[in-house]
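We did not get these values from a lab; they are worked out from the coordinates using the rules stated. The structure displayed is predicted, hence computed values, not measured ones. No Cβ is skipped: glycine too gets one built from the backbone with ideal geometry, and neighbour counts run over all protein chains shown.
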Amino acid sequence: MEVDKVNVLSNEKYSEVVKFIGKFKGLPINCDLELKKVFKDIDENTLSSILYSEWNHKIKAQFHKIQAIAPKMLKRFEDAANKKFDDKILVNMSIQCGLSPTILSRLIINEKYPNLPKNKILEMIKNPYTIPDDCLAANARACSFCDNQDGPIVDVIRRCVGEEYEQKLKNMASEAGMVFYDEGDLRRVGFDKTPDLKLALPCLYKEKVVNWIESKALFGDLRTHRRYLREQLTSYCNRFGPGIVIYWFGYLEDIKYLSENSNGLIIINTFPDKTELEFLKIDI
């Protein structure tokens with residue numbers, strides 16, 4: 001019998017996962033596979049989401065250093081390409097220098113074609129077949145296929161996953177008997193920052209008032225949750241009152257106890273069970 005995997009993590013368990021990611025030497029896609037072998041008790045989506053968060057934080061923190069090594073990386077690539085046509089040059093370089101393949105590919109393209117308009121560079125990154133240098137084009141394609149953290153393919157997948165869980169939220173809310181406005185409805189009447197669902201009538205979840213629900217198809221770590229508080233959640237609470245944020249891929253236990261979670265913010269990892277909800281009864 002298969003045991004249910006967890007996605008709400010203690011600080012200790014979360015730290016173990018982050019430490020493993022920090023020590024891993026190799027491609028992020030291989031790190032993803034190893035995480036799922038080592039932490040068999042944790043949901044796979046949770047592990048992938050933590051990896052994505054940690055990897056992107058690392059890249060942002062090192063952004064200026066990465067830009068500074070661009071000339072050196074370009075020369076290293078061209079020296080290797082002049083010796084032998086090989087579409088794995090950049091992939092191997094990315095492992096050695098601790099960058100994702102797509103980040104390194106983008107770095108090389110920007111450095112090699114500094115005088116091209118930005119839209120041309122973006123087209124090359126999205127469609128490596130448009131790169132004039134055949135060897136660089138082959139390497140850029142290989143980088144895109146070997147990277148599950150960055151690049152055009154990853155962007156499409158993440159957007160589709162986000163939309164899938166937003167639709168899942170709407171379906172489950174309708175099945176539960178909720179009447180709601182979605183983001184499109186709210187923006188048509190003039191709201192700018194809007195939750196995924198604004199309930200037409202508040203309900204109770206475990207005796208707590210709920211006015212809105214926000215869907216997040218990722219793991220809620222401390223850094224991510226605080227960013228959402230600054231950019232979205234606090235303003236939702238101030239404007240609409242108490243609400244729910246669903247981290248579908250789980251969250252760090254500690255975020256539930258942050259003092260910043262003002263105005264009745266409720267953090268959960270799945271849609272509430274019908275038995276936990278109570279709706280207003282209106283006599284007509």
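For residue 83, the aspartates and glutamates whose Cα falls under 18 Å of its own Cα, not counting residues fewer than eight places away in the same chain, are 133, 134. Between residue 263 and residue 158, the contour length at 0.36 nm per residue exceeds the alpha carbon distance by 34.8 nm. Within the listed set 207, 163, 54, the residue fluctuating most in the Gaussian network model of the chain (springs between alpha-carbon atoms under 10 angstrom) is 207. By DSSP, the beta bridges lying fully in the chain are antiparallel in about 50 percent of cases. For the stretch 34-174, a crude dipole built from +1 on the beta carbon of Lys and Arg and -1 on the beta carbon of Asp and Glu, taken about the Cα centre, is about 360 debye to the nearest 20. Look at the alpha carbon pairs under 8 Å that are at least 6 residues apart: their mean separation over the length of the chain gives a relative contact order of 18 percent.
Couplings 3J(HN,Hα) for the stretch 159-164, derived from phi with the Karplus relation 6.51 cos²θ - 1.76 cosθ + 1.60 (θ = phi - 60°), are 5, 5, 5, x, 5, 4 Hz, where x marks Gly and Pro. Between residue 79 and residue 130, the modelled labels are 3.2 nm apart [label points 7 Å from Cα along Cα→Cβ].
Direction-averaged projected area, Cα convex hull, the chain: 19.1 nm², rounded to one decimal. When only Cα pairs below 8 angstrom with a gap of at least 6 residues are kept, the stretch 8-61 shows a relative contact order of 36 percent. Normalised by 2.2 N^0.38 Å, where N counts its residues, the alpha-carbon radius of gyration of the stretch 97-241 equals 1.44.
Cross-link reach is defined here as a Cα-Cα straight distance under 14 Å, omitting same-chain residues fewer than 8 places apart; for residue 126 the aspartates and glutamates meeting it are 147, 150, 155. When the Cα convex hull of the stretch 8-61 is projected onto planes of every orientation, the mean area is 3.6 nm². Computed from the alpha carbon atoms alone, the convex hull of the stretch 64-145 holds 86 Å³ per residue. Computed about its Cα centre, the charge dipole of the stretch 155-279 is approximately 300 debye, with only Lys, Arg, Asp and Glu carrying charge at their Cβ.
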